[in-house]
Structure formats: C-alpha cells, structure tokens
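What follows is a set of notes on a single structure, which appears directly below.
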Amino acid sequence: MTDTADIVRRYWALANARDWAGFGALLAPDVVYEVPQTRERVRGRDPYVEFNRTWPGAWHVEITELIAQPDRAVSVTAFHVDGQTMTGICFFECRDGLITRLTDWWPSNYDPPPRQTSVIERW
C-alpha cells in the first residue's frame, strides 16, 4: 500500500520543482480539483496539470502541517508568491496510490488571478 502522506509530500515537491510529468503521474486520469470559495473546478489529469503549470508568478509551496489516513489526507501550506504568503488547506482523496480528488480552501478571501488556460469550470 502506498503511503498517502508520502503521495502528498511528493505532490508538493514535484509542484515546486515544476516537474509536470512526475506531478501528473500522481493523479488519477479522472481527478477532480475544486476550490469551493471561488467556485473553480478542473476535471481530468491533463487539465489539472495545465491549471498548475500556468499558475502565474514565481510561487513556492511549503507544507506546514500534514495529517494522513490510508485513503485521504489534509495539508496546510504556506503558499509564497510575489512577496506574499497565503495559507492553503488542501484535502486529498486517494485510491490505488493515485490522487482522485482535491478540495482547496484558502482562509483569506481572494479573487483568482487572470489565467492563460481554458480548463477551469465555474459553478
């Protein structure tokens, strides 16, 4: 059995490294990513990789807390971008060693930045 905490640590490390092939390999083909606060949703591995690859600015994520069970985890992160630091709380669901669903919460209100991608749905 793959350790869910290890999957989440690798997820953030590969995102920071901009290793999009490795990052995508952690995701189920039908992964769903949602940000309830901004009503953003991205469906599918390739669109979700694109969503992250095109995030503007020189950003870096640091895990400040990680709690994991066999099929789910939550990470609290410090998201550093453009001289600012925001707290992010991401809930992960996993199956068969892959991330199947992510729900991202940001305690501070924000408007999503303009994006150069069309993979984002709004509900």
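The values are calculated or read from the model by the stated rules, or taken from the named source; none is laboratory data. A quick note: this is a predicted structure, and the numbers were derived from the prediction, not measured. Every residue, glycine as well, gets a Cβ built from its backbone with ideal geometry; the counts of neighbours run over all protein chains shown.
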> Under the condition of being touching a strand residue (DSSP E or B) at 6+ places or on another chain (Cβ under 6 Å) and within 18 Å of ARG115 (Cα to Cα), which residue from region 27-44 is modelled with the lowest pLDDT?
Replying inline: ARG39
> So which residues in region 71-95 are modelled with pLDDT under 95 and either acidic (Asp, Glu) or in contact with a helix residue (DSSP H, G or I) (Cβ under 8 Å, 6 or more places away or on another chain) (or both), if there are any at all?
Replying inline: ASP82
> Which residues, taken from region 72-121, are under 15 Å from ARG41 (Cα atoms), of a type in the set (S, T, N, Q) and part of a strand (DSSP E or B)?
Replying inline: THR100, THR103
>> Looking only at region 10-47, count every residue that is closer than 12 Å to ILE99 by Cα, without any contact (Cβ under 8 Å) to a residue 60 or more places away in the chain and assigned to a helix (DSSP H, G or I) and tell me the total.
In response: 5
> Identify, please: which residue in region 48-62 is surrounded by 16 or more Cβ atoms within 10 Å (Cβ to Cβ) and in a helix (DSSP H, G or I) and is, among those, farthest from the chain's Cα centre (by Cα)?
Replying inline: GLU50
> Being under 19 Å from THR117 (Cβ atoms), surrounded by 14 or more Cβ atoms within 10 Å (Cβ to Cβ) and among the acidic types (Asp, Glu), is that true of even one residue in region 76-94?
Replying inline: no
> Hey, does region 13-26 have a residue that's surrounded by 14 or more Cβ atoms within 10 Å (Cβ to Cβ), of a type outside the set (D, E, K, R), over 17 Å from SER118 (Cα atoms) and more than 14 Å from the chain's Cα centre (by Cα)?
Replying inline: no
